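J.: Quick one: this structure, given as structure tokens, is what I'll be asking you about.
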Amino acid sequence: MILMSSKTVKVLKFYPEKCNGCLECERACSQVHFKTKEGKDKSAIHILKKDNSYQMNVCNQCGLCIDVCPVGALIRRDNGIVWLDKDSCIGCQSCVGFCPIDAMKKSYARIEPFKCISCGSCVRACPEDALELVEKNIDDVKELVYYKQGV
């Protein structure tokens, strides 16, 4: 098991006013996770159009999913990122159903779920600079999630 030594974590920040909806970020993400540029259900980042603007759905690295995994396949790595160990995962999908922001994803291409690992490929792929990796305090991320959940 990897013990958390970092008090911060890199998370994606989205600038909806810059987004043009090209979905290059989704294609870059699916390249990382599935070695394809399909995007959609093979991407951990989702850009959604609502009214006249765009919204992003992606893991915020809160770590609430760690406690729900029955086999301990989810851990927080030294760099603060919540990581799924594919070798330990049994594919039960508990984390997918539990995720309070629907950021743990399931693709029918494989049994294990997947999520954003803050690799930055989507940031590099965005032609409009609508995405940025920013350093956040892990406790602040957790506090925001618990607040939104009414805890």
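J.: Over 28 Å between C-alpha atoms is what I'm after, so list which of LYS13/LYS37; LYS18/LYS105; LYS13/LYS106; LYS10/LYS105; LYS10/LYS49; LYS7/LYS35 land there.
T.: LYS7/LYS35
J.: What dipole magnitude, in Debye to the nearest 20, does the chain give about its Cα centre under +1 on Lys/Arg Cβ and -1 on Asp/Glu Cβ? Spell out each step's value before the answer.
T.: On the way: 22 positive and 19 negative charges, 61 e Å.
Using only the charged Cβ atoms, the result is roughly 300 debye.
J.: What is the distance in Å between the Cα centroid of segment 1-75 and that of segment 84-105?
T.: Going from one Cα centre to the other spans 13 Å.
J.: Here is a further query. For LYS42, which aspartates and glutamates qualify as cross-link partners when the Cα separation must be under 17 Å and same-chain residues fewer than eight apart are set aside?
T.: Straight-line reach from LYS42, under 17 Å: GLU24, GLU26, ASP102, GLU112.
J.: Same structure again: Pop a pseudo-label 7 angstrom from the Cα along the beta-carbon direction at both LYS40 and ILE101 and give the gap in nm to one decimal.
T.: My value for the distance between the label points is 2.5 nm.
J.: Sticking with the crude label model, points 7 Å out along Cα→Cβ, report the distance from TYR108 to ILE90 in nm, one decimal please.
T.: 2.5
J.: Next question. Pick out, in residue order, every one of the GluC sites (Glu not before Pro) in segment 46-151 that is DSSP loop and has at most 14 other C-beta atoms within 10 Å; say none if there are none.
T.: Working: sites: GLU128, GLU132, GLU135, GLU143; in loops: GLU128.
Sites meeting the loop and neighbour criteria: GLU128.
J.: I want to check the label-to-label distance for LYS50 and THR8. Put each point 7 Å from Cα in the C-beta direction and report it in nm to one decimal.
T.: Reported label-point gap for LYS50 and THR8 is 2.9 nm.
Taken together, the values in this text are just the output of simple stated rules run on the coordinates, not laboratory data. Since this is a predicted model, take the numbers as computed values, not measurements. Using ideal geometry, Cβ is built from the backbone for each residue, glycine included, and neighbour counts are taken over all protein chains shown.
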